[in-house]
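Q: Pasting a structure here, questions to come.
The values are calculated or read from the model by the stated rules, or taken from the named source; none is laboratory data. These figures come from a predicted structure and were not determined experimentally. Every residue, glycine as well, gets a Cβ built from its backbone with ideal geometry; the counts of neighbours run over all protein chains shown.
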Amino acid sequence: MTTTLIIAGIVILLIVVPVVCLFNRIGKAVQQSLSDSYYYHRWKNKIIYSPMGNWFELGYTEMDADVETFIVLSRNFGKDKHTIYRKGKVQQADHASFIIDAHGIPKDAFHVYYENSLSIEMTIISGADPKTYQPYQLPGDPYAHSWGKDHQSVFLYGKKIEADGKTFTRINKTLAVDALNLYAVITDFTSGSGTIESNTRVIRADKNEGGLYTAITDYYARNNNRILFSNWKTNFTSIEFDSVDTIRTINEENIVINNNTLLYAGHRLNDIDVVSLEIINHAFLKDNTQVYFEGEKITSADPETFELIHEFYSKDKHRVFFKTKVLDGLDPKTVRMDFGKQTLTDGMRKVKDGVLITGDQS
(Lines give C-alpha, C1' and ligand atoms only; values in the text may rest on other atoms or scores of the structure.)
Protein backbone atom coordinates (compact mmCIF):
# COMPACT_ATOMS: atom_id res chain seq x y z
CA MET A 1 0.00 0.00 0.00
CA THR A 2 2.82 2.35 0.99
CA THR A 3 4.67 1.60 -2.23
CA THR A 4 1.54 2.31 -4.25
CA LEU A 5 1.05 5.66 -2.51
CA ILE A 6 4.67 6.61 -3.13
CA ILE A 7 4.41 5.74 -6.82
CA ALA A 8 1.12 7.65 -7.09
CA GLY A 9 2.73 10.66 -5.40
CA ILE A 10 5.65 10.59 -7.79
CA VAL A 11 3.30 10.40 -10.78
CA ILE A 12 1.28 13.35 -9.47
CA LEU A 13 4.45 15.38 -8.95
CA LEU A 14 5.64 14.56 -12.46
CA ILE A 15 2.35 15.91 -13.82
CA VAL A 16 1.66 18.79 -11.45
CA VAL A 17 5.13 20.35 -11.24
CA PRO A 18 5.53 20.88 -15.03
CA VAL A 19 1.99 22.29 -15.21
CA VAL A 20 2.67 24.68 -12.33
CA CYS A 21 5.94 25.72 -13.93
CA LEU A 22 4.21 26.24 -17.27
CA PHE A 23 1.49 28.50 -15.93
CA ASN A 24 3.63 30.35 -13.40
CA ARG A 25 6.46 31.54 -15.59
CA ILE A 26 5.89 35.26 -15.16
CA GLY A 27 6.20 37.12 -11.90
CA LYS A 28 5.97 40.86 -11.30
CA ALA A 29 6.77 43.43 -13.97
CA VAL A 30 10.27 44.85 -13.60
CA GLN A 31 8.89 48.40 -13.95
CA GLN A 32 5.25 48.48 -14.99
CA SER A 33 5.22 52.25 -15.53
CA LEU A 34 7.75 51.91 -18.36
CA SER A 35 7.00 48.50 -19.83
CA ASP A 36 4.29 45.88 -19.77
CA SER A 37 6.62 43.38 -21.42
CA TYR A 38 9.60 42.86 -19.08
CA TYR A 39 9.02 40.63 -16.05
CA TYR A 40 10.88 38.78 -13.37
CA HIS A 41 10.58 35.03 -13.54
CA ARG A 42 8.23 33.67 -10.90
CA TRP A 43 11.31 32.53 -8.98
CA LYS A 44 13.17 35.82 -9.72
CA ASN A 45 16.20 34.04 -11.12
CA LYS A 46 15.67 35.31 -14.69
CA ILE A 47 14.31 38.28 -16.66
CA ILE A 48 11.46 37.41 -19.01
CA TYR A 49 10.38 39.30 -22.11
CA SER A 50 6.72 38.67 -22.98
CA PRO A 51 4.75 41.23 -25.05
CA MET A 52 2.05 42.70 -22.81
CA GLY A 53 2.56 39.71 -20.52
CA ASN A 54 0.59 37.55 -22.96
CA TRP A 55 3.16 34.78 -23.15
CA PHE A 56 0.67 32.12 -24.25
CA GLU A 57 -0.22 33.92 -27.52
CA LEU A 58 2.55 36.46 -28.13
CA GLY A 59 5.64 34.65 -26.94
CA TYR A 60 7.98 34.21 -24.03
CA THR A 61 11.73 34.77 -23.95
CA GLU A 62 13.98 33.81 -21.04
CA MET A 63 16.85 36.28 -21.21
CA ASP A 64 20.45 35.85 -20.12
CA ALA A 65 20.35 39.29 -18.53
CA ASP A 66 21.89 39.95 -15.14
CA VAL A 67 18.87 40.09 -12.84
CA GLU A 68 20.50 42.29 -10.21
CA THR A 69 21.50 45.10 -12.61
CA PHE A 70 18.73 44.87 -15.22
CA ILE A 71 16.69 48.04 -15.70
CA VAL A 72 13.86 48.94 -18.07
CA LEU A 73 14.49 51.79 -20.52
CA SER A 74 11.19 51.76 -22.43
CA ARG A 75 8.48 49.34 -23.44
CA ASN A 76 10.82 47.37 -25.71
CA PHE A 77 14.27 48.24 -24.34
CA GLY A 78 16.21 47.25 -21.26
CA LYS A 79 19.83 46.93 -20.19
CA ASP A 80 21.99 45.27 -17.58
CA LYS A 81 25.59 45.99 -16.61
CA HIS A 82 26.92 44.58 -19.87
CA THR A 83 24.24 44.42 -22.56
CA ILE A 84 21.45 46.32 -24.36
CA TYR A 85 18.22 44.42 -25.09
CA ARG A 86 15.31 45.09 -27.45
CA LYS A 87 12.28 42.83 -27.20
CA GLY A 88 14.40 40.53 -25.07
CA LYS A 89 17.18 40.15 -27.65
CA VAL A 90 20.76 41.41 -27.49
CA GLN A 91 21.46 44.61 -29.46
CA GLN A 92 24.73 46.05 -30.72
CA ALA A 93 25.23 49.60 -29.43
CA ASP A 94 27.57 51.58 -27.21
CA HIS A 95 26.54 50.34 -23.79
CA ALA A 96 27.91 53.22 -21.76
CA SER A 97 26.10 55.99 -23.69
CA PHE A 98 22.99 54.18 -24.92
CA ILE A 99 19.69 55.86 -23.99
CA ILE A 100 16.08 56.10 -25.01
CA ASP A 101 15.65 59.86 -25.33
CA ALA A 102 12.68 61.97 -24.28
CA HIS A 103 11.02 61.28 -27.66
CA GLY A 104 11.40 57.51 -27.31
CA ILE A 105 14.24 57.33 -29.85
CA PRO A 106 17.10 54.87 -29.22
CA LYS A 107 20.53 56.44 -29.58
CA ASP A 108 24.04 56.42 -28.20
CA ALA A 109 26.97 58.81 -28.49
CA PHE A 110 27.72 57.65 -32.02
CA HIS A 111 24.48 56.63 -33.70
CA VAL A 112 20.70 57.03 -33.90
CA TYR A 113 18.80 53.76 -34.31
CA TYR A 114 15.61 52.85 -36.15
CA GLU A 115 13.11 50.28 -34.89
CA ASN A 116 11.69 48.28 -37.77
CA SER A 117 8.40 46.85 -36.56
CA LEU A 118 9.02 43.48 -38.24
CA SER A 119 12.61 43.04 -37.08
CA ILE A 120 14.14 42.34 -33.69
CA GLU A 121 17.41 44.06 -34.58
CA MET A 122 17.43 47.84 -34.54
CA THR A 123 19.36 49.42 -37.41
CA ILE A 124 21.65 52.43 -37.58
CA ILE A 125 20.15 55.52 -39.22
CA SER A 126 23.08 56.31 -41.46
CA GLY A 127 24.16 59.95 -41.37
CA ALA A 128 21.95 60.96 -38.43
CA ASP A 129 23.48 63.15 -35.72
CA PRO A 130 22.54 61.77 -32.27
CA LYS A 131 22.93 65.17 -30.62
CA THR A 132 20.34 66.97 -32.77
CA TYR A 133 18.12 64.17 -34.13
CA GLN A 134 14.45 64.35 -33.18
CA PRO A 135 11.04 63.36 -34.59
CA TYR A 136 9.73 65.51 -37.43
CA GLN A 137 5.98 65.31 -37.17
CA LEU A 138 3.12 67.47 -38.32
CA PRO A 139 0.47 68.61 -35.82
CA GLY A 140 -1.81 65.68 -35.11
CA ASP A 141 0.54 63.27 -36.91
CA PRO A 142 0.34 59.90 -35.10
CA TYR A 143 3.46 58.51 -36.81
CA ALA A 144 5.95 60.39 -34.70
CA HIS A 145 8.95 58.18 -35.47
CA SER A 146 8.39 57.66 -39.20
CA TRP A 147 10.01 61.03 -39.89
CA GLY A 148 13.08 62.46 -38.20
CA LYS A 149 15.49 65.32 -38.69
CA ASP A 150 18.77 66.60 -37.36
CA HIS A 151 20.56 69.92 -37.92
CA GLN A 152 21.22 69.22 -41.60
CA SER A 153 19.20 66.28 -42.89
CA VAL A 154 15.71 64.74 -42.96
CA PHE A 155 14.96 61.03 -42.64
CA LEU A 156 11.97 58.81 -43.39
CA TYR A 157 11.69 55.27 -42.01
CA GLY A 158 15.32 55.40 -40.96
CA LYS A 159 16.69 56.48 -44.34
CA LYS A 160 18.12 59.84 -45.35
CA ILE A 161 16.11 61.79 -47.94
CA GLU A 162 18.03 63.26 -50.87
CA ALA A 163 16.93 66.85 -50.38
CA ASP A 164 18.13 70.06 -48.78
CA GLY A 165 17.60 69.11 -45.16
CA LYS A 166 17.98 72.68 -43.89
CA THR A 167 15.04 74.00 -45.95
CA PHE A 168 13.02 70.78 -46.29
CA THR A 169 9.47 71.31 -45.02
CA ARG A 170 6.62 68.82 -44.84
CA ILE A 171 3.39 70.29 -46.26
CA ASN A 172 1.11 67.38 -45.41
CA LYS A 173 1.26 63.60 -45.22
CA THR A 174 2.35 63.11 -48.85
CA LEU A 175 3.87 66.39 -50.02
CA ALA A 176 6.99 68.34 -49.01
CA VAL A 177 9.13 71.15 -50.36
CA ASP A 178 12.67 72.50 -50.03
CA ALA A 179 14.31 75.61 -51.48
CA LEU A 180 14.45 74.14 -55.01
CA ASN A 181 12.05 71.22 -55.36
CA LEU A 182 8.64 69.82 -54.55
CA TYR A 183 8.53 66.22 -53.26
CA ALA A 184 5.91 63.48 -53.16
CA VAL A 185 5.90 60.63 -50.66
CA ILE A 186 4.84 57.49 -52.53
CA THR A 187 3.78 54.25 -50.82
CA ASP A 188 3.01 51.19 -52.94
CA PHE A 189 0.09 49.58 -51.12
CA THR A 190 -0.36 47.07 -53.96
CA SER A 191 2.94 45.32 -53.35
CA GLY A 192 2.51 41.75 -52.23
CA SER A 193 5.71 41.73 -50.22
CA GLY A 194 7.96 43.88 -48.11
CA THR A 195 7.07 46.41 -45.43
CA ILE A 196 5.81 49.97 -45.48
CA GLU A 197 9.44 51.01 -45.01
CA SER A 198 10.61 49.16 -48.12
CA ASN A 199 7.56 50.14 -50.19
CA THR A 200 7.78 53.88 -49.51
CA ARG A 201 9.92 56.32 -51.45
CA VAL A 202 10.30 60.08 -51.76
CA ILE A 203 10.47 61.45 -55.32
CA ARG A 204 11.22 64.85 -56.79
CA ALA A 205 7.86 65.73 -58.27
CA ASP A 206 8.28 69.30 -59.53
CA LYS A 207 10.20 72.51 -59.09
CA ASN A 208 9.48 74.85 -56.22
CA GLU A 209 7.59 77.65 -57.93
CA GLY A 210 7.83 79.93 -54.93
CA GLY A 211 5.04 81.32 -52.84
CA LEU A 212 3.23 79.77 -49.90
CA TYR A 213 2.48 76.05 -49.72
CA THR A 214 -0.46 75.15 -47.50
CA ALA A 215 -2.12 71.83 -46.72
CA ILE A 216 -5.77 71.29 -47.68
CA THR A 217 -6.04 67.63 -46.67
CA ASP A 218 -3.50 64.86 -46.07
CA TYR A 219 -3.15 64.55 -49.86
CA TYR A 220 -4.07 67.96 -51.30
CA ALA A 221 -2.12 71.21 -50.97
CA ARG A 222 -2.29 74.67 -52.46
CA ASN A 223 0.46 76.80 -53.98
CA ASN A 224 -0.80 80.11 -55.36
CA ASN A 225 -3.38 79.07 -58.01
CA ARG A 226 -2.09 75.51 -58.20
CA ILE A 227 -3.68 72.56 -56.45
CA LEU A 228 -1.23 69.74 -55.76
CA PHE A 229 -2.10 66.13 -55.03
CA SER A 230 -0.30 62.92 -54.12
CA ASN A 231 -1.48 59.56 -52.77
CA TRP A 232 -1.41 55.84 -53.63
CA LYS A 233 -3.74 56.30 -56.61
CA THR A 234 -1.93 59.23 -58.21
CA ASN A 235 1.76 59.68 -57.48
CA PHE A 236 1.67 63.41 -58.19
CA THR A 237 -0.36 65.94 -60.12
CA SER A 238 -0.43 69.72 -60.30
CA ILE A 239 -3.65 71.40 -61.48
CA GLU A 240 -3.55 75.06 -62.48
CA PHE A 241 -6.58 77.38 -62.13
CA ASP A 242 -7.01 80.96 -63.32
CA SER A 243 -7.84 81.71 -59.70
CA VAL A 244 -8.66 79.76 -56.57
CA ASP A 245 -11.34 81.69 -54.74
CA THR A 246 -12.94 78.95 -52.64
CA ILE A 247 -12.01 75.42 -51.61
CA ARG A 248 -14.58 73.03 -50.15
CA THR A 249 -13.26 69.81 -48.67
CA ILE A 250 -15.53 66.79 -48.96
CA ASN A 251 -13.01 64.19 -47.80
CA GLU A 252 -9.30 63.40 -48.24
CA GLU A 253 -9.65 62.63 -51.96
CA ASN A 254 -12.46 64.95 -53.03
CA ILE A 255 -12.45 68.74 -52.96
CA VAL A 256 -14.49 71.36 -54.84
CA ILE A 257 -12.74 74.41 -56.28
CA ASN A 258 -14.66 77.66 -56.85
CA ASN A 259 -17.98 75.90 -56.23
CA ASN A 260 -17.96 74.41 -59.73
CA THR A 261 -15.05 71.96 -60.22
CA LEU A 262 -14.57 68.64 -58.47
CA LEU A 263 -11.10 67.23 -57.96
CA TYR A 264 -11.21 63.48 -57.41
CA ALA A 265 -7.91 61.81 -56.43
CA GLY A 266 -6.07 64.61 -58.18
CA HIS A 267 -8.16 64.46 -61.37
CA ARG A 268 -10.21 67.40 -62.58
CA LEU A 269 -13.81 66.35 -63.32
CA ASN A 270 -15.48 69.29 -65.03
CA ASP A 271 -18.69 67.49 -66.03
CA ILE A 272 -19.87 66.67 -62.52
CA ASP A 273 -22.67 68.73 -61.02
CA VAL A 274 -21.22 69.61 -57.61
CA VAL A 275 -24.64 70.63 -56.25
CA SER A 276 -26.14 67.14 -56.63
CA LEU A 277 -22.83 65.33 -56.04
CA GLU A 278 -23.01 62.23 -53.82
CA ILE A 279 -19.89 60.37 -52.67
CA ILE A 280 -20.82 56.69 -52.47
CA ASN A 281 -17.41 55.39 -51.30
CA HIS A 282 -13.72 55.82 -52.12
CA ALA A 283 -14.24 54.63 -55.72
CA PHE A 284 -17.85 55.45 -56.69
CA LEU A 285 -19.62 58.81 -56.87
CA LYS A 286 -22.58 60.23 -58.76
CA ASP A 287 -24.58 63.34 -59.53
CA ASN A 288 -28.14 63.66 -60.84
CA THR A 289 -27.19 62.56 -64.36
CA GLN A 290 -24.10 60.33 -64.21
CA VAL A 291 -22.33 57.66 -62.13
CA TYR A 292 -18.53 57.51 -61.92
CA PHE A 293 -16.01 54.86 -60.94
CA GLU A 294 -12.58 56.24 -60.03
CA GLY A 295 -13.33 59.36 -62.04
CA GLU A 296 -14.53 57.51 -65.18
CA LYS A 297 -18.18 57.56 -66.25
CA ILE A 298 -20.23 54.38 -66.10
CA THR A 299 -22.00 55.47 -69.27
CA SER A 300 -25.14 53.33 -69.04
CA ALA A 301 -25.75 53.57 -65.28
CA ASP A 302 -28.95 55.12 -63.94
CA PRO A 303 -27.98 57.38 -61.01
CA GLU A 304 -31.45 57.36 -59.46
CA THR A 305 -31.51 53.56 -58.91
CA PHE A 306 -27.75 52.95 -58.74
CA GLU A 307 -26.45 51.12 -55.68
CA LEU A 308 -23.24 49.44 -54.58
CA ILE A 309 -23.21 45.64 -54.22
CA HIS A 310 -19.66 45.00 -52.98
CA GLU A 311 -16.31 46.66 -53.71
CA PHE A 312 -16.14 46.84 -57.54
CA TYR A 313 -19.64 45.43 -58.15
CA SER A 314 -22.72 47.65 -58.48
CA LYS A 315 -26.15 47.70 -60.14
CA ASP A 316 -29.12 49.81 -61.15
CA LYS A 317 -32.68 48.73 -62.02
CA HIS A 318 -31.58 47.52 -65.47
CA ARG A 319 -27.96 46.32 -65.29
CA VAL A 320 -25.15 44.90 -63.17
CA PHE A 321 -21.65 46.41 -63.36
CA PHE A 322 -18.05 45.51 -62.60
CA LYS A 323 -16.17 48.78 -62.24
CA THR A 324 -17.33 50.59 -65.45
CA LYS A 325 -18.16 47.42 -67.40
CA VAL A 326 -21.71 46.10 -67.90
CA LEU A 327 -22.07 42.44 -66.92
CA ASP A 328 -24.46 41.31 -69.63
CA GLY A 329 -27.08 38.73 -68.74
CA LEU A 330 -27.12 39.13 -64.96
CA ASP A 331 -30.44 39.95 -63.34
CA PRO A 332 -30.12 42.99 -61.02
CA LYS A 333 -33.22 41.90 -59.11
CA THR A 334 -31.68 38.64 -57.87
CA VAL A 335 -27.96 39.32 -57.99
CA ARG A 336 -26.02 38.88 -54.76
CA MET A 337 -22.48 38.38 -53.52
CA ASP A 338 -21.34 34.90 -52.45
CA PHE A 339 -18.67 35.94 -49.97
CA GLY A 340 -17.50 32.40 -49.33
CA LYS A 341 -16.55 31.88 -52.97
CA GLN A 342 -15.95 35.57 -53.71
CA THR A 343 -18.28 35.37 -56.68
CA LEU A 344 -21.27 37.39 -57.84
CA THR A 345 -24.35 35.38 -58.78
CA ASP A 346 -27.96 35.94 -59.82
CA GLY A 347 -28.83 32.27 -59.23
CA MET A 348 -28.18 31.31 -62.84
CA ARG A 349 -24.81 32.84 -63.69
CA LYS A 350 -21.64 33.46 -61.72
CA VAL A 351 -18.94 36.10 -62.08
CA LYS A 352 -15.51 36.14 -60.48
CA ASP A 353 -13.16 39.13 -60.73
CA GLY A 354 -15.51 40.65 -63.30
CA VAL A 355 -15.40 37.61 -65.62
CA LEU A 356 -18.30 35.22 -66.31
CA ILE A 357 -17.53 31.73 -65.00
CA THR A 358 -18.34 28.99 -67.50
CA GLY A 359 -18.45 25.23 -67.21
CA ASP A 360 -18.07 23.66 -63.76
CA GLN A 361 -15.81 26.37 -62.29
CA SER A 362 -16.81 27.71 -58.88
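Q: Scan region 107-123 residue by residue and report those that are closer than 15 Å to Gln91 by Cβ and under 22 Å from the mean Cα position of the chain (by Cα).
A: Listed by number, the residues that qualify are Tyr113, Tyr114, Glu115, Asn116, Ser119, Ile120, Glu121, Met122, Thr123.
Q: Sticking with this one: Tally time: how many residues in region 226-272 are part of a strand (DSSP E or B), of a type in the set (Val, Ile, Thr) and within 22 Å of Leu212 (Cα to Cα)? Quick ask: steps written out before the conclusion?
A: Kept after step one, since they are part of a strand (DSSP E or B), are these residues of region 226-272: 226-229, 237-240, 247-249, 254-257, 261-264, 267-269.
Add one more test, that the residue is of a type in the set (Val, Ile, Thr), and what stays is 227, 237, 239, 247, 249, 255-257, 261.
Keeping just the survivors that are within 22 Å of Leu212 (Cα to Cα) gives 227, 237, 239, 247, 249, 255-257.
Qualifying residue count for the region: 8.
Q: Also, I was wondering about something else. Please find, within region 52-67, the residue that is modelled with the highest pLDDT out of those that are touching a Lys or Arg at 6+ places or on another chain (Cβ under 8 Å) and farther than 17 Å from Ile84 by Cβ.
A: For region 52-67, the residue satisfying everything is Glu62.
Q: Among the strands (runs of 3 or more DSSP E) confined wholly to region 291-330, which include 2 or more residues that are surrounded by fewer than 18 Cβ atoms within 10 Å (Cβ to Cβ)?
A: 307-310
Matching residues to (1) over 16 Å from Gln137 (Cα atoms); (2) modelled with pLDDT of 95 or more; (3) touching a strand residue (DSSP E or B) at 6+ places or on another chain (Cβ under 8 Å); (4) aromatic (Phe, Trp, Tyr):
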{"site": "Asp150", "(1), (2), (3), (4)": "no, yes, yes, no"}
{"site": "Phe168", "(1), (2), (3), (4)": "no, yes, yes, yes"}
{"site": "Leu175", "(1), (2), (3), (4)": "no, yes, yes, no"}
{"site": "Thr190", "(1), (2), (3), (4)": "yes, no, no, no"}
{"site": "Ile196", "(1), (2), (3), (4)": "yes, no, yes, no"}
{"site": "Arg204", "(1), (2), (3), (4)": "yes, yes, yes, no"}
{"site": "Asn208", "(1), (2), (3), (4)": "yes, yes, yes, no"}
{"site": "Asp218", "(1), (2), (3), (4)": "no, no, no, no"}
{"site": "Asn235", "(1), (2), (3), (4)": "yes, no, yes, no"}
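Q: Against the conditions (1) part of a strand (DSSP E or B); (2) of a type in the set (Ser, Thr, Tyr); (3) out of contact with any Lys or Arg (no Cβ under 9 Å at 6 or more places or on another chain), where does Thr167 fall short? Just the number, please.
A: Just one mismatch for Thr167, condition (1).
Yes or no, residue by residue, for (1) modelled with pLDDT of 95 or more; (2) not small (Gly, Ala, Ser):
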site	(1), (2)
Glu252	no, yes
Leu263	yes, yes
Ala301	yes, no
Glu311	no, yes
Phe321	yes, yes
Val326	yes, yes
Met337	no, yes
Ile357	no, yes
Asp360	no, yes
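Q: While we're here: Which one of these does Asp346 not meet: (1) assigned by TED's automatic domain parsing to the domain that holds Ala221; (2) surrounded by 15 or more Cβ atoms within 10 Å (Cβ to Cβ); (3) in contact with a Ser or Thr (Cβ under 6 Å, 6 or more places away or on another chain)?
A: (1)
Q: Another one. Restricting the search to region 208-247, which residues are among the basic types (Lys, Arg) and without any contact (Cβ under 8 Å) to a residue 24 or more places away in the chain? Break it down stepwise before answering.
A: Just the residues of region 208-247 that are among the basic types (Lys, Arg), to begin with: 222, 226, 233.
Selection gives Arg226 alone.
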